[in-house]
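A quick write-up on the structure given underneath.
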Amino acid sequence: MVHHVLKNIIRTMAKVDQNARFNAQDSKGDLPPNLLVYVIDACHSYRMRNIIQEYGYPSVKLISKEGMKNWWILVQHQDLDIVLQQKCLEYCDFAPEEYALLADRVLVNTGKSQRYGTQLNAPIVNRRKIEAERLKLGLVSLKEYIARTKRFAKQYRKQEKKIGQPTVSS
């Protein structure tokens, strides 16, 4: 059964995360180092560990698919808490694409080669192997993923200009 209070807490945390990152972007849409973002990430790390201690690792059953999307947003941004990211990879039931994004982020941040090719700023060592791993998770080809990511980025920037706020799953 979905725990709606916890789901709402996580949604609010994700909104704070996304708003901070949106407001910290420079005119090119890049996210330079920003003290407020680091403080929010640290606060979220503490709160996320408390959530795990109180409820266990979040799951679709506990907080719904939308809740897991918001939890993933929070975990994805915990680059200074790689242990938390690794534990969530092990115990949370993320959607395949979210799992791949987080797994690659952890691998790249620990100096290893990515497995799924999701981190476009990191080298792709073995394209054939990556395609096989993507297929196992039911992901689109690397070529399609790169094209889709570029389209999304372009649409996202247009949307930001129109409404001035990022979006978070509800």
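Using the structure shown, decide if residue 26 is among the charged types (D, E, K, R) and surrounded by 15 or more Cβ atoms within 10 Å (Cβ to Cβ).
no
Can you pull out every residue in segment 92-119 that is assigned to a loop (DSSP other than H, G, I, E, B), more than 17 Å from residue 81 (Cα to Cα) and not β-branched (Val, Ile, Thr)?
93, 94, 95, 113, 114, 115, 116, 117, 119
Based on this model, can you work out whether residue 60 counts as closer than 26 Å to residue 140 by Cα and β-branched (Val, Ile, Thr)?
Yes.
Show the residue pairs that are 6+ apart or on different chains and have beta-carbon atoms under 9 Å apart, the first residue being within segment 81-96 and more than 14 Å from residue 61 (Cβ to Cβ) and in contact (Cβ under 8 Å) with a residue 24 or more places away in the chain, the second being surrounded by fewer than 17 Cβ atoms within 10 Å (Cβ to Cβ) and of a type in the set (Phe, Trp, Tyr).
87/57; 88/57
Filter segment 126-144 down to residues that are at pLDDT 95 or above, over 13 Å from residue 114 (Cα atoms) and either basic (Lys, Arg) or open to solvent by 80 Å² or more (accessible area, probe 1.4 Å) (or both), then give me how many there are.
Looking only at that region, the number is 2.
Which residue pairs have Cβ atoms under 8 Å apart, sit 6 or more places apart or on different chains, and have a first residue in segment 145-161 that is closer than 19 Å to residue 98 by Cβ and among the β-branched types (Val, Ile, Thr) and a second that is surrounded by 12 or more Cβ atoms within 10 Å (Cβ to Cβ) and modelled with pLDDT of 70 or more?
146/120; 149/120
Kindly provide the set of residues from segment 41-52 that are under 15 Å from residue 19 (Cβ atoms) and within 15 Å of the chain's Cα centre (by Cα), ordered by number.
41, 44
Quickly run through segment 61-91 and pick out the residues that are open to solvent by less than 30 Å² (accessible area, probe 1.4 Å) and either outside any helix (DSSP H, G or I) or among the β-branched types (Val, Ile, Thr) (or both).
The answer is 63, 73, 75, 78, 81.
With the structure loaded, tell me whether residue 39 is of a type in the set (Val, Ile, Thr), within 21 Å of residue 108 (Cα to Cα) and without any contact (Cβ under 8 Å) to a residue 24 or more places away in the chain or whether it fails that test.
no
Between 42, 20, which is closer than 16 Å to residue 78 by Cβ and modelled with pLDDT under 95?
Going through 42, 20 in turn, just one is closer than 16 Å to residue 78 by Cβ and modelled with pLDDT under 95: 20.
Among (1) within 20 Å of residue 119 (Cα to Cα); (2) in a helix (DSSP H, G or I); (3) in contact (Cβ under 8 Å) with a residue 24 or more places away in the chain, where does residue 15 come up short?
(1)
Here is a list of conditions, (1) more than 25 Å from residue 103 (Cβ to Cβ); (2) assigned to a helix (DSSP H, G or I), and residue 1 meets all of them except one; can you say which number that is?
Single failed check for residue 1: (2).
The values are calculated or read from the model by the stated rules, or taken from the named source; none is laboratory data. This structure is a prediction, so every number in the text was calculated from the model and none was measured. When we count neighbours, we look across all protein chains shown, and the Cβ atoms used for this are built from the backbone with ideal geometry, even at glycine. We work out accessible area using only protein heavy atoms, side chains counted, and drop any ligands, DNA or RNA first. Shrake-Rupley method; radii C 1.70, N 1.55, O 1.52, S 1.80 Å.
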